[in-house]
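K.L.:
Quick one: the structure is below, and I'll ask about it shortly.
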Amino acid sequence: MRDEEYQADQVAAYGASGQPAVAARMAPHLRMTRVGAVAAAVSVLAAVGALVTFPRFTTATASGIGWGVFLLVCAVAMLGICVLQLAAWRQAMAWWRGERETGPRTLAPFSWWAHVASYAVAVGALFAAMAGSAVAGWTATAATLMALSLVLLLAGQILGGVQYVRPDGPPGTVPAHMRRLLARERARQEAAAAIVDRDTPPTGDAPRG
């Protein structure tokens with residue numbers, strides 16, 4: 001979004017409280033993070049269901065259940081990451097709305113590291129779901145629930161897990177350093193246009209034959 005779409009009295013210094021334009025813009029982002037947390041919670045339930053329905057009559061039952069337990073651990077870890085991101089975003093929103101005196105810097109470092117960890121959790125869940133489904137049989141109920149748990153876990157990561165809070169301004173807005181870059185680029189373009197205008201002779205001063 002360009003700065004011209006904000007009113008002058010709506011644009012405050014990033015990191016300062018009471019920014020209604022930023023809070024209004026990021027409300028859908030907060031809802032998306034909340035949906036991600038819900039998806040991660042359902043992923044945990046699906047992983048539990050996969051463990052309960054895992055076939056016990058195969059010779060590889062122990063290893064298959066082990067993969068199911070690992071998938072459950074990954075689902076719980078992703079749920080924890082999404083809950084942390086949701087808490088961080090709620091703290092940031094309260095700050096931007098002017099409802100609290102302390103800014104989002106309290107949870108921001110944890111939010112960033114949580115988003116990094118979410119990638120490792122997603123990769124681990126992918127391997128666990130594939131290996132567990134292979135042991136259970138691709139048509140088994142447990143395999144279906146493992147696949148469902150994996151899909152919901154990835155949805156939770158995309159919608160909530162990787163959405164870390166930026167203390168210097170949320171994604172989708174233009175921070176102060178970007179404004180300076182835009183102003184510098186605008187000045188450079190104006191200077192180049194001035195040089196072109198200076199070197200271009202007026203049409204009325206063309207030499208006469």
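Computed from the coordinates by the stated procedures, all read-outs in this text should not be read as laboratory data. Please read these numbers as outputs of a predicted model, since none were measured by experiment. Note that each Cβ is placed from the backbone with ideal geometry, even for glycine, and that neighbours are counted across all protein chains shown.
K.L.:
Could you give the nm distance between label points at ALA120 and ALA194, where each point is 7 Å from its Cα heading toward the beta carbon?
P.N.:
5.4 nm
K.L.:
Suppose each label sits 7 Å from its Cα in the direction of the beta carbon; what would the VAL73-ILE158 distance come out to in nanometres?
P.N.:
A separation of 2.7 nm, rounded to one decimal place.
K.L.:
Sorted by packing (mean other beta-carbon atoms within 10 Å per residue), highest first, where do 24-33, 141-150, 62-71 land?
P.N.:
Highest to lowest by the protection proxy: 141-150, 62-71, 24-33.
K.L.:
With a sphere of radius 14 Å drawn around the Cβ of ALA37, what net charge do the other residues whose Cβ falls strictly inside it have (Lys, Arg +1; Asp, Glu -1)?
P.N.:
Details: positive: ARG31, ARG34, ARG90; negative: none.
Neighbourhood net charge equals +3.
K.L.:
Rounded to the nearest 0.05, what FRET efficiency is calculated for TRP113 and TRP138 with R0 set to 22 Å and r the Cβ-Cβ distance?
P.N.:
The formula returns an efficiency of 0.05 here.
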